[in-house]
2 protein chains.
Amino acid sequence: MTQVAIGEQVNGHSGLHKHVAATNRITSPGEEQLVLNTIRCLAADLCQQYKGGHPGTVMGAAAIGIALWRYEMRFNPGNPDWFNRDRFVLSAGHACLFQYLFLHFSGYEAWTLDQVKNYHSPKTRGSMAAGHPEIEYPGIEVTTGPLGQGISNAVGMAIASKNLAAIYNKDDLKPIDNKIWCFTGDGCIQEGVGQESISLAGHLGLDNLILVYDNNSVTVDGRIDNCFTEDTSAKLIAQGWHVIDVYDGSNDLAAVLEGFDRAKQLSGKPICLNIRTVIGHSSRKANTGPAHGQALGDDEVAYVKRQLGFKPEDKFVIPPKVYEYFSGIKAKGAKAEQEWNETYKQYRQRYPQEYEELSRRICGEWTAEAWQDALPSKAKLPQEPQPTRKSSGIVVQALAPKYKTFVAGSADLLESTFVNFKDQIEFQKPSSGLGDYSGRQIRYGIREFAMVGIGNGMAAYQKGAFIPIMSTFFMFWIYAAPAARMAALQQLRFIGIATHDSIGIGEDGPTHQPVALASFYRALPNINLIRPADAEECMGMWTLALDDKSKNTPSIFTLSRQPVPLLPGTNRTKVRLGAYVVHGAEIEDPELTIIATGAEVSRAIETAKKLESAKNVRVVSMPSQRHFDMQPDEYKQSTLRSSSSLVVAIEAWASYGWAKYAHASLSMHTFGHSAPQQQLYDHFGFDPANMASKIDSWANKWKVKGRLPGLGEFEELLLGYVQH
Amino acid sequence: MTQVAIGEQVNGHSGLHKHVAATNRITSPGEEQLVLNTIRCLAADLCQQYKGGHPGTVMGAAAIGIALWRYEMRFNPGNPDWFNRDRFVLSAGHACLFQYLFLHFSGYEAWTLDQVKNYHSPKTRGSMAAGHPEIEYPGIEVTTGPLGQGISNAVGMAIASKNLAAIYNKDDLKPIDNKIWCFTGDGCIQEGVGQESISLAGHLGLDNLILVYDNNSVTVDGRIDNCFTEDTSAKLIAQGWHVIDVYDGSNDLAAVLEGFDRAKQLSGKPICLNIRTVIGHSSRKANTGPAHGQALGDDEVAYVKRQLGFKPEDKFVIPPKVYEYFSGIKAKGAKAEQEWNETYKQYRQRYPQEYEELSRRICGEWTAEAWQDALPSKAKLPQEPQPTRKSSGIVVQALAPKYKTFVAGSADLLESTFVNFKDQIEFQKPSSGLGDYSGRQIRYGIREFAMVGIGNGMAAYQKGAFIPIMSTFFMFWIYAAPAARMAALQQLRFIGIATHDSIGIGEDGPTHQPVALASFYRALPNINLIRPADAEECMGMWTLALDDKSKNTPSIFTLSRQPVPLLPGTNRTKVRLGAYVVHGAEIEDPELTIIATGAEVSRAIETAKKLESAKNVRVVSMPSQRHFDMQPDEYKQSTLRSSSSLVVAIEAWASYGWAKYAHASLSMHTFGHSAPQQQLYDHFGFDPANMASKIDSWANKWKVKGRLPGLGEFEELLLGYVQH
C-alpha cells in the first residue's frame, strides 16, 4: 500500500507528524529488499571499521537513494562532466556515505569499493571518500558539510539551468533541460540560510528544483521534537512550493517512486518531497541521536546483519544480484548522453552562433578578447572625486551587458552598490511580469548568506560558465562569510561587491561600520580582498579578479561610500602586485614610508605632505595584501623599504595583521560611531593634520633611539576619541 | 470599520496579499488624526533637515506607535530601568526615528525634542539619536541595525522573562510578568536569523512575545513582490504562532487596537500582529523604495504638510494637544511601577531567600563568593590527557547547577561540547513534557546565528542577570559571527563554547576546520578569544571570563576535540596575563622562544626538546592575545624576549596576525583535509620532529646572518603537503 499525498493544502498539523514505526516490514519485491538490506549492512560495516562516521542516514534513506540513482536522475557514470547531466547536491553533507555508495553502485569508475572503504579513515593522499563530499571528485557537484548551504547551492544551480535554458534553448532544440536534486535533512531546513534559499526559490518558481527531504526527525542531540516542531509541509506551501508527502520512505520503495512520479507532473513551483524515514533503520538504535553520527558498535552491527539475513562475520558483502540490479545505469546514462550529443550536433548546425557562445561557456571561458582594453583609460575616467563603489560600476556596465557569463544581483541594495547595467532584465518567473529567466539581475532580497551560497551554486554548475557578481554593504559580508569561505575552499570564482566599507558610511553607525571583518578575509586562504584607492585602481582590481589566473579564486572588492579623488600616482597595472608606490616614487631613500589602502590613500598623501619629522616620504597603496605576499622578496623590500625606513600604515580598520608590513599603524581600535562621515574621520583622528602630528611624535621618538622598531615594538598610534 | 482577522487557519493565499490603497482616509477621531498627522510631518522634517534618514516607516506606522506606547506597553518613562517593564525591541533598527519620537512623546526626560532633532546628524558627542538605536540610551533595550537580529534578541528576552517568572513567581505574588514587543519589517523576516528565531519561539510556545510586523511590502529596492512573495501569515501559523491580521494599519488606529486586544486573549503561542501599512503614508512617494531610506525632498515635505493641514514653512510643529494626548503615560507608568514596588516589598517579606537571589541578579551580580576556589586544584584535575572541551565542562558542572544566572545551550551539540550539567532541566514549553520554563538548558536546534542573538537578548534583558553559555563547533561560530559582534559592540557578556577548534577535528575535514576565523575574533574589539593549553588553563580561562572586570565582554573559548596532556608549567592564575612562560622559565637568556596556543603547546614543548640549533629554549603559552596586548611593555618584553631571541609561533591556524609577536610561524597556510586527526597533524607538518627540523633550518640561517629578522622578514615556515 503506497502512502503518498500531494499537499497543496494542508489541514492541521497532526497527520504529518505521525512517523511510521520501524517495523522492518518488507513490502518491496525480493530483489529490491536484498538491495536495501545490502546497503544497510554495508553502511554499518563501513562505519564500524574505523568506529566513526554517519551510518544512520544511509540505512534510513536507502530506498531514496535507489529512487534517485537508479530511476530518477539523468546522468552518465561514464562521463561525470557531461554538461546536461542532472545535478545532485547532498546538502546533508555528513551523510556522504549515502552518496559514495550510490556513486559506486551506479558505476562511476573512480568510485571503487576500495575508495568507499576509505570512508571515515581516508588516507591523506589519493582518497576520495572524505568525511564530507568534496567537489574535486567525480559525481560530486559541490562540497557540503556546513548545514543549510547545500540548499542554497542547489537553488543557484537551478537558476543557472533556467538561465541557460532561457537564453540558448530553441523551440526545436533544447540542449539544456537538466534538473537539480537536493537531498536534505532536518538540519539544513532549520538553518537560516536554508530558509532564505527556500524562500527565494519559491518566489522564483524554480520548478527544475526538487528538494528531497529525508525527514527522519533526528539530529545529533536526538529527536528534533525537542527544538523543531513546525509543520514543514505547510510552511513550504506558504513559501510557494509544491509539497508531496511520502510516508514510510524507509520501507516502501514503491511509495517513494510514486512520489517522484507525481513530482514529474507538477510545474511552476519548486517541489519538495517530504519523505518520512527511520534513521538507522534495521538497528535497535533506530530513531535515536546515536544512529545519526556514531558507528553502531560491533554487537549492533551483528544484530543488524542477522535481522537482514546476513552473516555477522561477513563484512562488506555485496551479492552479485545487487550489482546486477544497478548494472543498467551505465548504459542508460551513456545513451542519454549520446542522444544529447546528437541534439547538440544539430544545434551546432542550426544555431552556430549560440552554439559557439554556449560551448565556450561550457569550457569555462568567458571571453578571448582583451576586454580590459575597452575600459576607459585613466584620462577618460571621471576626473572629479568619485566613490569607488561607483567607479567599480563602470566595469559592471562595460561587461555585464556584453558577456552573459555575468549574473549580477544584490541583497536589496542594487542602487547603492552600482551593479545595475543597461538594458538588464531581472531574473524572475515570467508570469510575475517583472522579468524572465533569461534575466541576469537577481533580486536576492534581504538574504546575504543565501545570496553567496546561491552564487556558489551558479559558479559550480559548470566551472567558469557563470561569474556571479553579488553585492551588499561590506558589513553584511559577515552574514555571508560562511558561504564566501566555501567558495574559497572549492576554488569557485565570484565577484563580491562590498560597499560602504568603513566609518565612511557615516550616520548608519557602528552596527554598519566594519572594523575587523577584513582581518578574516585576509587570513582566509584563496580569497582576494581588494581595496582600491580610486577609479584607476578599480579598473586594475577588476582586471586582476577576472584574469585567467584568478579563475579559481573568489574576490571581494571593498569600496567606499564617499567620493575619493583620482590620484596622480595610481596605476591599474600595478594592482596585481598587491602594493606599489603611489606617491614619492622618485625618492631613492625614503626616511619614512606610509602604507594605506582604499579611501585612506588620499589622506595618507596629504599626511605625508604635512610631516615635519621626515621630508622624503613615500606613500604606498596596498590594494591587496594577498598579492603583495606573493611577490618576490626583492620587490617587497624595495617597495616598503622596511629595513631602512620607518613604515606606518593608515587604514580605517583594525590594526590586526599590519605588524607584518609596518612598524606602526593608525587604525580603528574601537567600534565606530554614528555621525556624518566627514565628522567621523576627524573624530577618530584620520584627518591629515592629526595623523601627521602623531606620526611626527612617533618618528622623532625613533630618531632619538637611532634604530628602527623591532619585534614587539609595533605600535598602534592612538587617534582621537577613545570610547571604551 | 475595523478589519481584523485572527488567522488560526488560513485558507489560500489570495486574501492576505491585498493591501489597502493609500487613501488618506480619516477614520479615527480628530484628536488621534492630529497626532498621526503631526508625527508624519515631524518625520518628514527631521529627515529633510539633513537630507537623510528613514522617514517612511514612521509615517506609515505612526498608529502602531500610538498603540504601543500610549495603550499597550507597560513601562515607566520616569524610570527606564524599572525591572518589570515591558521590553521593546526595534528589529527594524533603521526605523529608529519611529522609536525616538515615541520615547519623546512618552515623556522620557532625556529624549528631548532637541535630542530627537539630532537624528541623522548626530553630534559625535552627547547625541543619543544615532542612525540606529543604541543600547546605551534610555528606553532602548538592544542595539539593532543588522537585520533579523532584533527578532532573535526579542526571543532571548522572552526566554529570560519566562525563566525568571518560572523560578521566582509564586502563586500569590508575581514580580515578573512583563511582555516583549518586537517591531519588525519585511527585511528581518527575510533574514535567516529572523526565521531561525521565529521557529524556535514557536516551538517554545513563548506567549509573552508579540511580534508587530509592519507589513508595508517595501524595502530599499522597492516593493518586495520582486523577491519575497510568501504567505507570511500561513508560514507563521505553520511555525506555531498565533497570527492576527490587521488591515489598514496606517489609517485605522481602532483596528490596530482591536488587533492588540485580541492578542491579549491568546496564549500558548507567540503572537504576530501582521499589520498592513503604507510606507511613506501621506506622501506621493508612498509605497516606494525611496520612501524607505531617503529624505523626501523639500517639495514633497511641503506637499505632505499641506495634505495634513500644516504649513510648509513651519518646521517641527507639535501642537499642544498632541503633547496632551500623550501626557498620561508618565503617570500611568509611575503608578505601574509603584504597584510593582508594593508587590516586590511583599515578596521580600514572604520570600526573603528568593527575593535576595532575584535582587542580586537584578543588580547584575551573580555571586559574591570566591567561586573559583571551589574548582579543583591542579593536583585534583584529571592527570591523564583530556580534551579541553571536556575540561571546560568541569566548570560548567561546577557553576551551572548552583547559579541560576547561567543558562546553557547548544546548537544540536550538547554532548560533544560538554555543556550538560547535573540535574538540569530543559527550557521547554511545559506541555511538551520535555522540561519547563524554569529550565536552564536550551536546545537551540541547528540555528547557530539565532542562538547567539538569543543569548544577546537574554544578556540584555537585565544586565548581568543572565550569562548565557552557548556552544557549537568553532567552525560554526562563523555562522554566529554577526551576533557575536553585536555582543562585543553592546558590551554584553556571554560564554561561547567553540569546540573541535582546528584540524584536530579530523575526518570531518576542511569544511569543519577553522583556519582564519580566529583572526576575525582577535581583531574584533571587546571580545575575548581564549585558547587554553590544558585543563589547568581551562580553569583560568573561565575565571578570567567571569571576572567582574570582564562583565562587559563576551568570551569565546576555542577548545580541542582531542585529548591534550596536563602540562607541568601551566598555571591558571597566569591566563589573565594573556601569555606566560610555560616551559623553560628558569632559562635567563633564551636563544629562542616558541609561542604556542591550545593543543599546540604540548607539541611546542616536545619540539623545543628536539631542537639542535638552540638549547636554551623557552616555550610561551599564549591563551589570549588580547590580554597579552594589555600588559605593560616590560612584561611583554620579558616574556617573549623578542629583542634578544628568535621567536617562532606554532598554531594550527593561519599565520595572520602572528607577525606582531613572532619572527616566524608554523601555521596552516591552506585549508585543512579529511583524515584522522593524528595523521593530519603529521600531514600538515605539526609533528615535533618536522617542526624542530624546520625551526633549526630557519634559526641557523639567522645565526649566519648574525642578527634578528626585521620588519618584512616574517616567514611562514612551510610545513608538509601543499594542496593548492
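The values are calculated or read from the model by the stated rules, or taken from the named source; none is laboratory data. The model shown is predicted, which means the values in this text are computed figures rather than measured ones. Because the Cβ atoms are built from the backbone with ideal geometry, glycine has one as well, and the counts that use them run over all protein chains shown. When the accessible area is computed, the model is the full protein with side chains, heavy atoms only, and any ligands, DNA or RNA have been set aside. Shrake-Rupley method; radii C 1.70, N 1.55, O 1.52, S 1.80 Å.
Numerical summary
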read-out: D_trans [Stokes-Einstein, Kirkwood Rh over alpha-carbon pairs] for segment A:371-558, 10 °C, 1.306 mPa s, µm² s⁻¹; value: 96 µm²/s
read-out: Amide proton proximity set for A:S471, modelled H, under 5 Å, gap of 5+; value: A:G409, A:S410, A:A411, A:I497
read-out: Copies compared at A:S638 - label distances in nm, ascending, label defined 7 Å from Cα in the Cβ direction; value: 4.6
read-out: Set of lysines near A:K269 by C-alpha distance (under 21 Å), chain-local residues within fewer than 8 positions excluded; value: A:K162, A:K174, A:K179, A:K235, A:K429, B:K235
read-out: Residue-by-residue Karplus 3J(HN,Hα) for segment B:169-179, coefficients 6.51, -1.76, 1.60, Hz, glycine and proline x; value: 5, 10, 4, 9, 9, 10, x, 10, 8, 7, 10
read-out: Angle between chain A longest axis and helix A:298-307 axis [Cα atoms, degrees, rounded to 10]; value: 40 degrees
read-out: Spatial separation of Cα centroids for segment B:611-665 and segment A:682-709, in angstrom; value: 26 Å
read-out: Lysines with Cα under 17 Å of B:K380, excluding same-chain neighbours fewer than 8 positions away; value: B:K390
read-out: Segment B:262-377 pair-distance distribution - Cα-Cα, 10 Å bins, rounded %; value: 10, 16, 20, 20, 16, 13, 5, 1
read-out: Amide H within-cut-off set for A:E715, under 5 Å, with H built and near neighbours excluded; value: A:A664, A:S665
read-out: Backbone HN-Hα couplings from phi across segment A:642-659 [Karplus 6.51/-1.76/1.60, Hz, Gly and Pro as x]; value: 5, 8, 10, 9, 5, 10, 10, 9, 10, 7, 7, 10, 5, 6, 3, x, 6, 4
read-out: The protein assembly as shown shape via C-alpha gyration tensor axes, a/c threshold 1.5; value: rounded
read-out: Full-extension gain in nm, A:E136 to A:K422, via 0.36 nm per residue minus C-alpha separation; value: 99.3 nm
read-out: Translational D in µm²/s for segment B:15-334 (Stokes-Einstein at 10 °C, 1.306 mPa s, Kirkwood Rh from C-alpha pairs); value: 81 µm²/s
read-out: Spatial separation of Cα centroids for segment B:377-410 and segment B:164-233, in angstrom; value: 34 Å
read-out: Tensor-based shape of segment B:219-261 (alpha-carbon gyration tensor, a/c under 1.5 rounded, otherwise prolate or oblate); value: oblate
read-out: Area buried, chain A against chain B - accessible surface, total, 1.4 angstrom probe, square angstrom; value: 9300 Å²
read-out: Value at 222 nm in deg cm²/dmol, rounded to 500, when DSSP H runs of n ≥ 4 in the protein assembly as shown each add -39,500 (n - 2.57); value: -11000 deg cm²/dmol
read-out: Dipole magnitude of chain A, debye to nearest 20 (Cβ charges: Lys/Arg +1, Asp/Glu -1, about Cα centre); value: 760 debye
read-out: Other copies of A:Q346: label-to-label distances in nm, shortest first, labels 7 Å along the beta-carbon direction; value: 8.7
read-out: Proportion of all alpha-carbon pairs of chain A beyond 41 Å (%); value: 38 percent
read-out: Complex-versus-alone comparison for segment B:175-207, residues with a loss of 20 Å² or more in accessible area, probe 1.4 Å; value: B:Q190, B:E191, B:G192, B:Q195, B:E196, B:S199, B:H203
read-out: Accessible-area composition of segment A:652-724, carbon plus sulfur, in percent [1.4 Å probe]; value: 52 percent
read-out: Under-20-angstrom lysine pairs by C-alpha in segment A:572-716, whenever the two are 8 or more apart or on separate chains; value: 14
read-out: Surface per residue (accessible, 1.4 Å probe) for segment B:191-287, Å²; value: 19 Å²
read-out: For A:K549, label point 7 Å along C-beta direction: distances to other copies, nm; value: 4.8
read-out: Rounded, prolate or oblate (a/c below 1.5 giving rounded, otherwise prolate when a/b exceeds b/c) for segment B:121-236 by Cα gyration tensor; value: oblate
read-out: Of all chain B residues, the one whose C-beta is nearest the axis that brings B onto A, in angstrom; value: B:G192, 1
read-out: Ranked packing of A:263-271, A:594-602, A:700-708, most packed first, by mean Cβ within 10 Å; value: A:594-602, A:263-271, A:700-708
read-out: As computed over segment B:350-410, the Cα convex hull volume per residue (Å³); value: 106 Å³
read-out: Distance histogram in 5 Å bins (all Cα pairs of segment B:613-724, percent per bin); value: 2, 10, 20, 23, 20, 14, 8, 3, 0
read-out: Principal axes of segment B:84-175: Cα extent on each, largest first, Å; value: 49, 29, 20
